[in-house]
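A short write-up of the structure that comes next.
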Amino acid sequence: MSNYSITINGVTREVTLLKKDNTRVSFLLDGNRHEVEIATNIIPSSTTISTPQLAPASSPSLSASPASGEIVAPMPGVIVSVDVSEGDTVTAGQKLCVMEAMKMENNITATVSGSIEKICISPGEEVQNRQLLIKIS
């Protein structure tokens, strides 16, 4: 087992690598075991990708583009929980809801500080890629 620091959406987290082979990686994050599939179309390390909400399925937090108060689904999935209510004040990086996608639970976080203007989802609801989940003003 090896320990690594990873940065996702500007937040650095500690992970423990459990197992890695040609198709899968298993690791511990916050005491929870996660397993991700390795993509076969690897992009050279010198390439910079600027894609909102693109992170491993096991990522602890996914969010919309940094300047946006519109929080959208990073991929198709099912809403597990909604952790805020309309009118709540939130800060950037705060968990808003949990979405299950590809057999992994993902914390969806606020990209900006503000007030929850509208919640467009409920627990158990299936959502599509880029579907509006929560609007912050």
**Fill in**
Label model pair residue 5, residue 37: point-to-point distance (7 angstrom along the Cα→beta-carbon line) in nm is 3.2
**Protection proxy ranking of 109-119, 78-88 - average other beta-carbon atoms within 10 Å, highest first** = 109-119, 78-88
**Request:** Quick one: which residues, 5+ away or cross-chain, put their amide H under 5 Å from the amide H of residue 127? H built at 1.01 Å from N.
**Result:** 77, 78, 79
**Asked** For residue 94, which sequence-distant residues (separation of 5 or more, or a different chain) have an amide H within less than 5 Å of its own amide H, given hydrogens modelled in the peptide plane?
**Response** 110
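Readers should treat all values here as calculations from the given coordinates under stated rules, not as data from a laboratory. Everything numeric here is computed off the predicted structure, so don't read it as measured data. All Cβ positions, glycine included, derive from the backbone under ideal geometry; neighbour counts span all protein chains shown.
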